[in-house]
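I have placed the structure first, in the form of structure tokens, so that the comments after it can refer back to it.
The values are calculated or read from the model by the stated rules, or taken from the named source; none is laboratory data. Small disclaimer: the values here were computed from a predicted structure and weren't measured. Counting neighbours? That spans all protein chains shown, and the Cβs are built from the backbone with ideal geometry, glycine included.
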Amino acid sequence: MNLLLFGAPGAGKGTQSSLLVDKLDMVHISTGDLFRNAIKNQTTLGREAKKYMDKGELVPDAIVIGMVEEELKRLEGRSFILDGFPRTVPQAQALENLLVRHNTKADKVIFLEVPNGVLVERLAGRRVCKNCGAVYHVSSRPTQADGVCDVCGGSVVQRDDDKEEAIKKRLQVYSDTTKPLKEFYREQNKLVELDGTGTADEVFGRIQAALKV
Ligand code: AMP
């Protein structure tokens, strides 16, 4: 089974993808993570993407689509979960073509619905380990020692795009550009709309029930 996971920034896509990957042995393709890795490794792609990401804007379609195609080539028949892609109608159309070319398809599109107030609270309080990527929250999941990752001892920081101005911009971009994709997938009868509030385990329970896994 191949899945697309989408929802606003802070809806829990990354967390739920990790849970799904553990349970269903799928390959997790997160375009946000791919860009963050490229930035960490100081590649040309990373430098280009950072200009947009820090402002809370979307990276141009051509760059993202090319990057996803490279990832799909490496799947070699394994199931995948695409997290954070597509985010625009042109990306969704390009994905259709890419999947046909790679002889595969998306089976379900999970959409996590979370009210804006909850999203802002989640994003503004989110902290991540610069080294291993572990995710924390200042109030709901704090680190044991201030600013130090419980897992690897790396330094735990706020993502540049989780700062107030960028959060506002990302939520706006989401509602203007990404949310319309719901219609695109509803028309294909692939859309599974789920309540994304509550704990990670509660949301995961809803996903499992909806997918019957
Ligand atoms: P995420 O971690 O999924 O919230 O992504 C972080 C940032 O990476 C986004 O705010 C965008 O700047 C960029 N990004 C990730 N996925 C995409 C995409 N499909 N299209 C354009 N930009 C993206």
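Any residue at all in region 30-49 that's more than 15 Å from the ligand (Cβ to nearest atom) and among the charged types (D, E, K, R)?
no
Just to be sure before I move on: is LYS13 near the ligand (Cβ under 10 Å from one of its atoms), in contact (Cβ under 8 Å) with a residue 40 or more places away in the chain, surrounded by 14 or more Cβ atoms within 10 Å (Cβ to Cβ) and charged (D, E, K, R) in the structure I sent?
Yes.
What about LEU24, is it away from the ligand (no atom under 15 Å from the Cβ), over 15 Å from the mean Cα position of the chain (by Cα) and touching a residue at least 12 places away in the same chain (Cβ under 8 Å)?
yes
If you take the residues of region 197-213 that are touching a helix residue (DSSP H, G or I) at 6+ places or on another chain (Cβ under 7 Å) and not in a helix (DSSP H, G or I), which of them is surrounded by the most Cβ atoms within 10 Å (Cβ to Cβ)? Outline the logic, then answer.
Let us first name the residues in region 197-213 that are touching a helix residue (DSSP H, G or I) at 6+ places or on another chain (Cβ under 7 Å), namely 197, 200, 203-204, 207, 213.
Now restrict to residues that are not in a helix (DSSP H, G or I): 197, 213.
Numbers: THR197: 16, VAL213: 10.
Across region 197-213, the extreme among qualifying residues is THR197.
Can you report the number of residues in region 74-101 which are acidic (Asp, Glu) and within 10 Å of the ligand (Cβ to nearest atom)?
1
Can you tell me which residue within region 56-73, out of those that are within 8 Å of the ligand (Cβ to nearest atom) and touching a residue at least 40 places away in the same chain (Cβ under 8 Å), is nearest to SER30 (Cα to Cα)?
LEU58
So which of LYS168, LYS163, LYS212, LYS179 is among the basic types (Lys, Arg), out of contact with any Cys (no Cβ under 6 Å at 6 or more places or on another chain), at pLDDT below 95 and more than 16 Å from the ligand (Cβ to nearest atom)? Working first, answer last.
Details: LYS168 fails: more than 16 Å from the ligand (Cβ to nearest atom); LYS163 fails: more than 16 Å from the ligand (Cβ to nearest atom); LYS179 fails: more than 16 Å from the ligand (Cβ to nearest atom).
Of LYS168, LYS163, LYS212, LYS179, the one residue that is among the basic types (Lys, Arg), out of contact with any Cys (no Cβ under 6 Å at 6 or more places or on another chain), at pLDDT below 95 and more than 16 Å from the ligand (Cβ to nearest atom) is LYS212.
If a residue has to be out of contact with any His (no Cβ under 8 Å at 6 or more places or on another chain) and under 17 Å from GLU113 (Cα atoms) to count, how many in region 1-56 make the cut?
Final tally of qualifying residues: 14.
Test PHE80 against the criterion of being under 23 Å from LEU211 (Cβ atoms) and in contact with a helix residue (DSSP H, G or I) (Cβ under 6 Å, 6 or more places away or on another chain), and give yes or no.
no
Yes or no: region 108-118 includes at least one residue that is in contact with a strand residue (DSSP E or B) (Cβ under 9 Å, 6 or more places away or on another chain) and in a loop (DSSP other than H, G, I, E, B).
So far as region 108-118 goes, yes, one or more of its residues are in contact with a strand residue (DSSP E or B) (Cβ under 9 Å, 6 or more places away or on another chain) and in a loop (DSSP other than H, G, I, E, B).
Just give me the residues in region 134-184 being closer than 15 Å to GLY32 by Cβ, of a type in the set (A, V, I, L, M, F, W, C) and not in a helix (DSSP H, G or I), in sequence order.
Scanning region 134-184 gives a single hit, VAL135.
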